[in-house]
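Let me begin by presenting the structure, written as structure tokens, before commenting on it.
No value in this document is a laboratory result; all are computed from the given coordinates. Just so we're clear, the structure is a prediction, and the values are computed from it rather than from any experiment. As a convention, Cβ positions derive from the backbone with ideal geometry for all residues, glycine included, and neighbour counts pool all protein chains shown.
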């Protein structure tokens with residue numbers, strides 16, 4: 001849902017800001033430090049990821065049709081990762097059930 005996506009990106013942005021505060025963050029955290037350095041970078045990388053995700057999908061759809069086996073397998077691959085993401089979110093971000101999560105996110 002849109003609400004979940006906005007909530008998730010805000011949480012990730014807040015969480016990743018710690019990478020830009022540390023000395024030597026680039027060496028230690030690599031791409032996470034670069035992506036989280038400025039909001040415009042975070043948005044740009046999000047757009048690049050969206051293109052990386054959608055362009056091959058649109059190419060396969062245009063070349064082979066909507067209901068081919070290849071299209072379904074490729075779509076299943078990406079949907080599988082999306083569902084894993086939602087499942088892991090439900091286990092990891094239990095702020096109400098695990099006070100340590102809220103404390104780590106500085107929400108208390």
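If the segment from residue 62 to residue 34 were pulled out straight at 0.36 nm per residue, it would be longer than the present Cα-Cα gap by 6.6 nm. Were the residues from residue 13 through residue 85 laid out at 0.36 nm apart, the gain over their Cα-Cα distance would be 24.2 nm. Ordered by the count of other Cβ atoms within 10 Å of each Cβ, fewest first, 40, 60 give 40, 60. Spacing of the modelled spin labels on residue 72 and residue 51, each 7 Å from Cα toward Cβ, amounts to 3.2 nm.
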